[in-house]
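Every read-out reported here was derived from the displayed coordinates using simple, explicitly stated rules and does not represent laboratory data. Every value quoted in this text rests on a predicted model; they were computed, and no experiment measured them. For neighbour counting, all protein chains shown are included, and Cβ atoms are generated from backbone atoms with ideal geometry for every residue, glycine included.
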Amino acid sequence: MNQNKSLWEKGDFTRISQTMRQSGEELVAKLGIVKGMKILDLGCGDGTTAIPEAKLGAEVLGVDIATNLVEAGNKRATEAGLSNCTFQEGDACNLSELKDKSFDMVVSIFGAMFAPNPFDVAKEMVRVTKPGGKIVMGNWIPGDPTVVAQILKISSAYTPSPPEGFISPMTWGVEDNVIERFGQAGIAKENIACVKDTFPFTAPCSPTEFVSMFKNFYGPTMNAFEAAEKNGKTTELEQELITLFNSQNKAGLSNTTSISATYLRVTVSC
């Protein structure tokens, strides 16, 4: 099986995405979406941004590599009565099933950044976007002190070295890399804008319980715990994450966690 597919089908990412709902809606509200706009939401998960896009009247296609998340997204759209939002399985590196210049906007919030071939991802996003359309990406930033970058950094210290040729998804959070990748896809530097933004996670539980959600349901963290267990370091990894979550929790309540993560918001004009 495709390693990326197995990673995101591991556990149950919908449990994490439930803590991202409000922030997904707030991000979508910034994108200038109007009724009838055709949107591709790439690496969509179960619809954290795709569902809000459809609620604004856009015709939305969500594409994700994980079968379970596609099924969850279609279920959410049906339950919300959104006939203008459908989800299907696909690979951000190869969208050959989608026609050239067919979307007014391509959105990928913490999705396509995890695909293994970033230059192919940029090329495909540009290919399916209409002239005059936009691409919007949200990408985590390497070395950033906020929670997601630190989760991935801590987890990587417990896992085996990646295979030769592996390109870290975090490289999408570096502006020069973004410019280079879209540049090779034919986009001029002046048509690429990068700004730092924040994305809050809100969970109705303590930081320690929130760590347990990542331990049990988030593929990259699950892999880290499996590797740590083989080395007798499970407690050490868990304590590092609990310390991180507690230090960044701004909720002020014992039964609520509110943590903001900084990301790079990329807007490409095609």
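The magnitude of the dipole of the chain, with charges of +1 and -1 set on the Cβ of Lys/Arg and Asp/Glu and taken from the Cα centre, is near 500 debye. With contacts taken as Cα pairs under 8 Å at a separation of at least 6 residues, the chain carries a relative contact order of 21 percent. For the chain, the 222 nm mean residue ellipticity estimated from helices alone, with every DSSP H stretch of n ≥ 4 adding -39500 (n - 2.57) and the total spread over all residues, rounds to -11500 deg cm²/dmol.
Among the listed pairs K134/K189; K101/K123; K101/K196; K153/K189; K5/K134; K30/K123, those with a Cα-Cα distance over 20 Å are K101/K196; K153/K189; K5/K134; K30/K123.
Take every pair of alpha-carbon atoms less than 8 Å apart whose residues are at least six positions apart; their mean separation over the length of the range 12-155 yields a relative contact order of 20 percent. Given their separation in residues at 0.36 nm each and the Cα-Cα distance between them, S83 and S6 gain 24.8 nm when the chain is fully extended. The label point for Q18 and the one for S254, both projected 7 Å from the Cα toward the Cβ, are 2.2 nm apart. For Cα extents along the principal axes in Å, which listed value, [x] 53, 43, 35; [y] 58, 48, 30; [z] 92, 40, 31, comes from the coordinates shown? Given [x] 53, 43, 35; [y] 58, 48, 30; [z] 92, 40, 31, the structure-derived one carries the label [x].
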